[in-house]
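Just below is one structure, and these are the notes that go with it.
The values are calculated or read from the model by the stated rules, or taken from the named source; none is laboratory data. Treat the numbers as computed from the prediction; the structure is a model and nothing was measured. Don't worry about glycine lacking a Cβ; one is built from the backbone with ideal geometry, like all the others, and counts go over all protein chains shown. Surface areas here come from the heavy atoms of the whole protein model, side chains and all, with no ligands, DNA or RNA. Shrake-Rupley method; radii C 1.70, N 1.55, O 1.52, S 1.80 Å.
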Amino acid sequence: MQDKNDHEFDVVVVGGGPGGSTASTLVAMQGHRVLLLEKEEFPRYQIGESLLPSTVHGICRLLGVSDALEKAAFMPKRGGTFRWGSSPEPWTFSFSVSETFSGPTSLAYQVERMKFDQILLDNARDKGVEVREKSSVVDVIEEDGRVCGVLYADADGVRHEVRSRFVVDASGNKSRIQSRIGGSRHYSDFFKNIALFGYFEGGKRLPAPNSGNILCAAFDAGWFWYIPLTDQLTSVGVVLRRESLDRVQGDREKALMGLIEECPLIAEYLTDARRVESGPYGEVRVRKDYSYCQEKFWRPGMALVGDAACFIDPVFSSGVHLATYSGLLAARSINSVLSGEFDETKCFEEYEARYRHEYSLFHDFLVAFYDMHRDEDSYFWSAKKVTNSSAPGLESFVELVGGGASHEGALVNAASYAKPRESTFREFSELADQPAGESGTDRDLFDSTLVQSVLDEGAKIQLHAALGEVVDEEGPIRDGGLVPSADGMHWAEFRY
C-alpha cells in the first residue's frame, strides 16, 4: 500500500445509487476521505421501488436516514400479495408473521427511487462524503497491477484524474469500468427475461391493511408486478421470456395494454386507471431482466458493489437490499484495511464470499418460487420447472453462483445442487398451498427454510441497527473467515 498522503482520497465511489451512497457514507463515518462521482444530476429516474424491512430498519437506520424516510411519507408495505402457485385466489405473505419483524419493523416502504436515492445521497454529503454530480467516470488508473484512482469527465467534458487507495464501482449493470476487475459476466439461462413497464394513475388498491403491498400475478406468458407508489400512482410491469421480445417491439404502449388484458387480475385493478404520459413516468420502458454474476467481485484497489457485481430477478424486491448490503460489506472491508486491522486480500475475500452467499440464497428462493407455479401448458412456466428436471438452466445457476471465493461445495454440479434442495423446495410449495387461515389469505412462509435463510442476514442487520452493536454472531461462513466487529463497521477474528 502506498502512503496515505500520496492520494487525494481514501476511497472513490462511482455511482450515487443506494449501493454507492451506503458504502461511501459508512466509510466516511469512520473518518476517511471519500469522493462520490455520479454521472447524472439528482433527482433522476430509476426503476426499482419496493423495499424489504432490513433495508428500512437496518441499513437506513445505520446510515441515519430513518427520520428522513418517515418525513417522506412513502407508501407503507406490510408484505407481498401473490396470484401464484396452485391457488386461484391471491394470497398474502406478511412480515408481521415473523417474530423478527414484529411490531414497527414489520413494515417496509414502496418508494419512488427519485426521492429515496436523493435522501441517501444528501445524507452521504451530510456525513462528510464529497459528492460531484454530472461526473462520468471513463476509466480507472492502474499502477503495478493495482487500481489507484479514476479518470472522469465533468459536465463540461473536462477530464480529471483522481488518486485514491480504493475505488468502489457502484454504477450499476451498465458500468463502464466493471470489466477492469477482470474475468467475465456470467448470465443465468434460468432467469433470462425481459420486462415491459409503465406507470398508471387511479388504479385499484388491495383491501386494507394490505393496500400498500406489492401485487405479483402470474399468467400464461409470465408475471406482472403492480406496485402502489402513492394513493394514485402505480408502477405496472410484465416479465416475459427473452424469446417473447417480438411482443414488445414496435408500439410499446399497445403491447403493454395487450398483455394487461391477458392477465384478468391486473386488468381488473386498472379498469378505471389511465397511463401516465408525461414527466419521468410518462414512458413505457423495456428492460432486460437478465440475472448475472461477475466472475470476480474485486481486485487489488477495486471492488464491485450492487448491480455492478450481480443482479437477480426482481420478484422478491431484492435489488435495493443486495445493493445496500454489499455496500455495508465493502465498507467493512475498506475500513478494516485503512485501519490496518487485516490485509486487503483477507478482507475482500470475506466481502466476496458473503456477497456471493447472499446472492445464492435469493437465487435458491427464486428458483423454488418459479418452480412452484403449476401452469404446465404455459411455455413460460414449463421452462421454469427444475425440481424434476436436469435442464441446462439448472446447470447455468450452478456455474453462476459457484464462484471460487464462495467455497460452496454443493455447487459443484447441478445434481448435487438439486438433490438436497428438493425437500426445501417442496416444503416451501406446500406452505404456499395451504388453505387460508383465520386472517383470510396470509401464508406463514416464515416456517419455510428457504424464506428463513433469505431473510436471516437482513434480520441480523436490523438487530445491529436497533442495538448499536453486532450480537449473536454465529461464526464465520467459511473456514478461516472473518466476522463483523462489535460495531459492525469492520471485520474481526472469530473467538471460539
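Annotations
- Within region 166-175, the set of residues being within 15 Å of Val147 (Cα to Cα) and either among the acidic types (Asp, Glu) or surrounded by fewer than 24 Cβ atoms within 10 Å (Cβ to Cβ) (or both) comprises Asp169 only.
- Members of region 51-78 that are in contact with a His (Cβ under 9 Å, 6 or more places away or on another chain) and among the small types (Gly, Ala, Ser): Ser54, Gly58, Ser66
- You will find that of Glu349, Glu399, Glu341, the residue that is modelled with pLDDT under 75, more than 21 Å from Arg426 (Cα to Cα), charged (D, E, K, R) and in contact with a strand residue (DSSP E or B) (Cβ under 9 Å, 6 or more places away or on another chain) is Glu399 and no other.
- Output for region 457-489, where each listed residue is open to solvent by 20 Å² or more (accessible area, probe 1.4 Å), without any contact (Cβ under 8 Å) to a residue 60 or more places away in the chain and within 14 Å of Tyr351 (Cα to Cα): Pro476, Gly480
- Flag if Phe116 is at pLDDT 95 or above, among the hydrophobic types (A, V, I, L, M, F, W, C), in contact with an Asp or Glu (Cβ under 9 Å, 6 or more places away or on another chain) and at negative phi: yes
- Some residue of region 323-341 being more than 20 Å from Ala492 (Cα to Cα), touching a helix residue (DSSP H, G or I) at 6+ places or on another chain (Cβ under 7 Å) and open to solvent by less than 30 Å² (accessible area, probe 1.4 Å): yes
- Tabulated pairs, region 256-282, first free of Cβ contacts under 8 Å to residues at least 40 places away in the same chain, second open to solvent by 30 Å² or more (accessible area, probe 1.4 Å), C-beta under 7 angstrom, 6+ apart or interchain: Ala267/Glu261
- Inter-residue pairs, beta-carbon under 8 Å, first under 18 Å from Pro476 (Cβ atoms) and outside any helix (DSSP H, G or I) and in region 331-359, second open to solvent by less than 20 Å² (accessible area, probe 1.4 Å) and among the hydroxyl-bearing types (Ser, Thr, Tyr), 6+ apart: Phe342/Ser336
- Near pairs, Cβ below 7 angstrom, 6+ apart or cross-chain, from region 160-181 (among the polar types (S, T, N, Q)) to any residue that is open to solvent by 10 Å² or more (accessible area, probe 1.4 Å) and assigned to a helix (DSSP H, G or I): Asn173/Asp307
- Pick from region 69-93, criterion part of a strand (DSSP E or B) and charged (D, E, K, R), ranking: least open to solvent (accessible area, probe 1.4 Å): Lys77
- Where Gly145 falls short, out of the listed (1) in contact (Cβ under 8 Å) with a residue 40 or more places away in the chain; (2) surrounded by 14 or more Cβ atoms within 10 Å (Cβ to Cβ); (3) within 26 Å of Pro300 (Cβ to Cβ): (2)
For (1) out of contact with any Gly (no Cβ under 7 Å at 6 or more places or on another chain); (2) at positive phi; (3) open to solvent by 10 Å² or more (accessible area, probe 1.4 Å), each residue gets a yes or a no:
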residue: Leu229; (1), (2), (3): yes, no, no
residue: Arg242; (1), (2), (3): yes, no, yes
residue: Val248; (1), (2), (3): yes, no, no
residue: Glu268; (1), (2), (3): yes, no, yes
residue: Ala273; (1), (2), (3): no, no, yes
residue: Ser278; (1), (2), (3): yes, no, yes
residue: Arg287; (1), (2), (3): yes, no, yes
residue: Phe297; (1), (2), (3): yes, no, no
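- Some residue of region 22-31 being open to solvent by less than 40 Å² (accessible area, probe 1.4 Å) and part of a strand (DSSP E or B): no
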